[in-house]
Amino acid sequence: MDYTTSHIFFLVSLGLFTVVLFSLALVDRSVIGARWLAAATLLDFTKTTLQGMNGYAPRFVTVLIANELNILSFVMMFMGLRWFIVRRPFRHWTALVSIGVVMVIYLPMFLNRMRLWSFSVASLPVLGMCIVMAWTLFRQKDERFAIPARITATLLTIHTAALAYRSVLSWRGLSGASTASPWSDPQWMYSMLAIMLVSYCLLLMYVLFTVIEMHSSVAHAAGVDALTGAVNRRALMEHATRELVRCDRLGRSLAIVAMDLDNFKRVNDTHGHGGGDVALCAFVDLVKERLGPDDLIARIGGEEFVLMLPGMDAVDATLVAEELRYGLEQMRIHYDGKMIFTTVSAGITEMQPGDSWTAMLKRADSLLYQAKSEGRNRVVMEELPVHYPKPVLVERFGVQRVPSGRTANTG
């Protein structure tokens, strides 16, 4: 396959992937990274189209504008992949300013026919972004993106090596970069074909990142209570099964808290179901403010909730539950010009050797009913059995008791 055929194949692929990525971005607008990657692909498509016009359009268009678009394309790529991995606002604006400065410097260098150096200057931002993003992808911890992140990081590393190689060719004046026919040099042409192949693979990774994120969003929505944002019963069972195995393997404690809002029917009767919904959401928000990153709250019934607290025993969980009980007791929920008052009862248990999730939940429910029967608005903790150590038989040799009550050494 010669360069022209490869170029046409890559251009058609770019067009198809541009359509796919923009379609995915429109299907789920919450996946902001897909928008960045779609924009990157569109710019890459435009750049490749301009490069294909070499010999038919001015070099100002086929080279200078194409290289500027290439830099912008990698900026979009960087922002898109960063969204999937980092999920924090971008604050390194000085880096973007530096890229803009390089793009401005490249213009007079090209116009003054400094071709040996202008290519290297235009490559600097791309090299920097590829290196930083490859490092970020190699270090990322999200299990969902473990495989695509490593593949993408490897591809960016290869792209960096190929681009650096082309820069060296440009410095030494050994490539067609300094001639009217850039593709007369085999080294220059084959390195470009390598970059095309890597870029095609990167397009596949763009789509894979987007699809994984969209699948995660759908799975998350299926496991979340639509009203309160708490985990639903089905998702709770999945989380609990995995957490029990993990805590048992690591020897960690695991406590669960069964909670139920007191006299909730009275809230619905007094304030309507709208007021009841507001009270439920307020309670879940209160709980989420207190929970840690590994903790979980699930809504398993109308006003029934379960807290799963890995790393906590029953005593620690009781402190958390008591704090939540007191917080809800003091809370004033405003709704329709009125204030809603409600309280919560809780039952707490912790994982025992050989325990199952069903057994734990049953014990927590029993303790919750005990809290209800004792007057509500209280926390009841399971009384754990005390395991006394087995007595150790110690034989003392060489000592005997004499009649006077004193000991005498017989050794």
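Annotations for the structure displayed:
- Flag for Leu72 being out of contact with any strand residue (DSSP E or B) (no Cβ under 6 Å at 6 or more places or on another chain) and at pLDDT 95 or above: yes
- Residue ID - modelled with the highest pLDDT, chosen from residues in segment 178-198 that are within 40 Å of the chain's Cα centre (by Cα) and of a type in the set (Gly, Ala, Ser): Ala194
- Close pairs (9 angstrom Cβ cut-off, 6 or more residues apart or separate chains): assigned by TED's automatic domain parsing to the domain that holds Met308 and farther than 19 Å from Ala235 by Cβ in segment 348-367, assigned to a helix (DSSP H, G or I) and of a type in the set (Ser, Thr, Tyr) anywhere: Ile348/Thr318; Thr349/Ser366
- Matching residues, segment 323-359, being within 33 Å of the chain's Cα centre (by Cα), part of a loop (DSSP other than H, G, I, E, B) and of a type in the set (D, E, K, R): Asp355
- Some residue of segment 33-53 being surrounded by 16 or more Cβ atoms within 10 Å (Cβ to Cβ) and not in a helix (DSSP H, G or I): no
- Test for Phe145: is it of a type in the set (A, V, I, L, M, F, W, C), surrounded by fewer than 15 Cβ atoms within 10 Å (Cβ to Cβ), out of contact with any His (no Cβ under 8 Å at 6 or more places or on another chain) and modelled with pLDDT of 85 or more: no
- Candidate set: segment 12-32, residues that are touching a residue at least 24 places away in the same chain (Cβ under 8 Å) and in a loop (DSSP other than H, G, I, E, B); chosen: the one farthest from Arg82 (Cα to Cα): Asp28
- Within segment 326-346, the set of residues being closer than 18 Å to Ala255 by Cβ and either small (Gly, Ala, Ser) or surrounded by fewer than 20 Cβ atoms within 10 Å (Cβ to Cβ) (or both) comprises Ser345, Ala346.
The rows are residues; the columns are (1) in a helix (DSSP H, G or I); (2) surrounded by 15 or more Cβ atoms within 10 Å (Cβ to Cβ); (3) free of Cβ contacts under 8 Å to residues at least 12 places away in the same chain.
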site: Met196; (1), (2), (3): yes, yes, no
site: Leu203; (1), (2), (3): yes, yes, no
site: Phe209; (1), (2), (3): yes, yes, no
site: Ala226; (1), (2), (3): no, no, yes
site: Met237; (1), (2), (3): yes, yes, no
site: Arg249; (1), (2), (3): yes, no, yes
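The values are calculated or read from the model by the stated rules, or taken from the named source; none is laboratory data. Just so it is clear, the model here is predicted, and its values are computed rather than measured. Using ideal geometry, Cβ is built from the backbone for each residue, glycine included, and neighbour counts are taken over all protein chains shown.
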